[in-house]
1. Please specify each residue of segment 80-101 satisfying the condition of being at pLDDT below 90 and closer than 18 Å to residue 140 by Cα.
2. Sort through 369, 345, 383, 317 and tell me the only one that's at pLDDT 90 or above and not assigned by TED's automatic domain parsing to the domain that holds residue 483.
3. Is there a residue in segment 188-195 that is touching a helix residue (DSSP H, G or I) at 6+ places or on another chain (Cβ under 7 Å), at pLDDT below 90, buried (at least 20 other Cβ atoms within 10 Å of the Cβ) and closer than 30 Å to residue 217 by Cα?
4. Taking the condition in contact with a helix residue (DSSP H, G or I) (Cβ under 9 Å, 6 or more places away or on another chain) and either assigned by TED's automatic domain parsing to the domain that holds residue 381 or modelled with pLDDT of 85 or more (or both), does residue 470 pass?
5. Does residue 495 satisfy the condition of being in a helix (DSSP H, G or I), surrounded by 11 or more Cβ atoms within 10 Å (Cβ to Cβ), modelled with pLDDT of 75 or more and in the same structural domain as residue 584 (by TED's automatic domain parsing)?
6. Scan segment 133-192 for residues that are in a loop (DSSP other than H, G, I, E, B), within 20 Å of the chain's Cα centre (by Cα) and within 13 Å of residue 35 (Cα to Cα) and jot them down.
7. When the residues of segment 453-474 are narrowed to those that are surrounded by fewer than 23 Cβ atoms within 10 Å (Cβ to Cβ) and more than 16 Å from the chain's Cα centre (by Cα), which ends up nearest to residue 332 (Cα to Cα)?
8. Under 7 Å by Cβ, and 6 or more places apart or on different chains, what pairs join a residue from segment 110-131 that is without any contact (Cβ under 8 Å) to a residue 60 or more places away in the chain and not assigned by TED's automatic domain parsing to the domain that holds residue 151 with one that is outside any helix (DSSP H, G or I) and surrounded by fewer than 16 Cβ atoms within 10 Å (Cβ to Cβ)?
């Protein structure tokens, strides 16, 4: 017999403004569950988390907490009442644990926030870090986390993943960070149109399970009005289609990265002066940014030492690094908004720059979505020189026709970001600057943004801590490691991790390098030849991947039957166990396919 849950909801109903937000919600959190709570922006995920936490009472239904269960919460908008950060975080300790202040110091150090800081001086992002520290230091039985990775840099996100992997309690997490959810979750709660569905799969397999649920629902509505079916298809499935891990897209990204690497190697090998002369006779605008020997300091703080790069039209460059290392400063130097202490920056001709503003200052809260996109003129939006009807363009960004006259002030934060992106990407531009665009965006908006940027025909400079977003978009990564160590790597974030340990340079060596030292070309890698066995393996892998996907879909459909466990617990447990093994085999097969495909392309390159 399965043990009772630590926390559960039964037949919960909640209304806001006379309209039901949830209806008949039943959900449970078992001991050791690592559950992600997913759903569209505005569907009520944060509200449901507050119901689980006991902060909001439902109109009807029951909330059950196992006696003695300790719950800690990271709210989306924390309010810090204690005088100092350390005092606030220590409130998370139990009454008999206040002799364990070392736990407070450990988590504050990991989250890079000083315990002696006065709470009144904290920014919004720092307040969220303090609230996260308060939740983690409690080491509770159930941990409820609302957007824990917002405003965290990559090293801190990786630390948090390791902490949660070692954490023995149960967890429910809302996050826009797909890679984070794939790493930490083992169960999924999907909130859609007021209904909560549970699957015994983590976010890595959520899309496949979601497609099965929607297909079954669509089939049950086959006799309904055709227009209603089409609307359901667009609303429910339009986004999930974007999430499918398309191998063709991955191959296109790998091809872009290979092309950029070849261009850079050829450029360095040929010598800068000769290549520059050739560039001046080519099509205007091919050169976007050329930086040579950049150095920048603020007192004792070193941003970069002797950094050089060359960005051509169509390149997609990601900037990564710890908070405070100088990513935004380097970005400003590259676009000419901030002069370097030493070195030169040359910008290409006819640049039209569009920049993402996280604070959404260009949005007028009193204007409607329609007027914001059309600037109050007619019913058309000019999208990079082509007219589009405003309603059709709105739907591209996940708005419904009914929202056309909604004032901006009535939109959620995620919806406002969608509107800002729609307005920004309609402008004619050939250089797009996105500084932390993924903060506070929901997964649907991130999927949309990824799709739009994949089709963008200009040059992209992207500052982000979202690893999956970087891996699927950028052709190279500029890593700002701190203390002047800035290095460019071909590929995405995963490629950066693979290449970085092999580099002999350290921050100290970078700082010691003379500013006038010329760029040195790396020796071209030896061409790799594929063996006969590797060729045969590459031919077999697509079939193996397809078979595993079919098997996983069948197993997930089987365990999603709510009555299976009661009828046959042994069969249920066997299906869950085999599904976990099959998912691991699928991930290994997909990684191997990508590895061999990249090797084949390198071997056949001329």
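1. Matches in segment 80-101: 94, 95, 96, 97, 98, 99, 100, 101.
2. Values: 345 fails: not assigned by TED's automatic domain parsing to the domain that holds residue 483; 383 fails: at pLDDT 90 or above; 317 fails: not assigned by TED's automatic domain parsing to the domain that holds residue 483.
None of the others qualify; the one that does is 369.
3. Within segment 188-195, none of the residues are touching a helix residue (DSSP H, G or I) at 6+ places or on another chain (Cβ under 7 Å), at pLDDT below 90, buried (at least 20 other Cβ atoms within 10 Å of the Cβ) and closer than 30 Å to residue 217 by Cα.
4. The answer is yes for residue 470.
5. In short, no.
6. Just the residues of segment 133-192 that are in a loop (DSSP other than H, G, I, E, B), to begin with: 138-141, 147-153, 167-169, 175-177, 185-186.
After this cut, where a residue has to be within 20 Å of the chain's Cα centre (by Cα) as well, the list is 147-153, 175-177, 185-186.
Scanning segment 133-192 gives 175, 185, 186.
7. If we take residues in segment 453-474 being surrounded by fewer than 23 Cβ atoms within 10 Å (Cβ to Cβ) and more than 16 Å from the chain's Cα centre (by Cα), then 460 is nearest to residue 332 (Cα to Cα).
8. Filtered contacts from segment 110-131: 118/83; 119/82; 119/83.
The values are calculated or read from the model by the stated rules, or taken from the named source; none is laboratory data. Every value quoted in this text rests on a predicted model; they were computed, and no experiment measured them. No Cβ is skipped: glycine too gets one built from the backbone with ideal geometry, and neighbour counts run over all protein chains shown.
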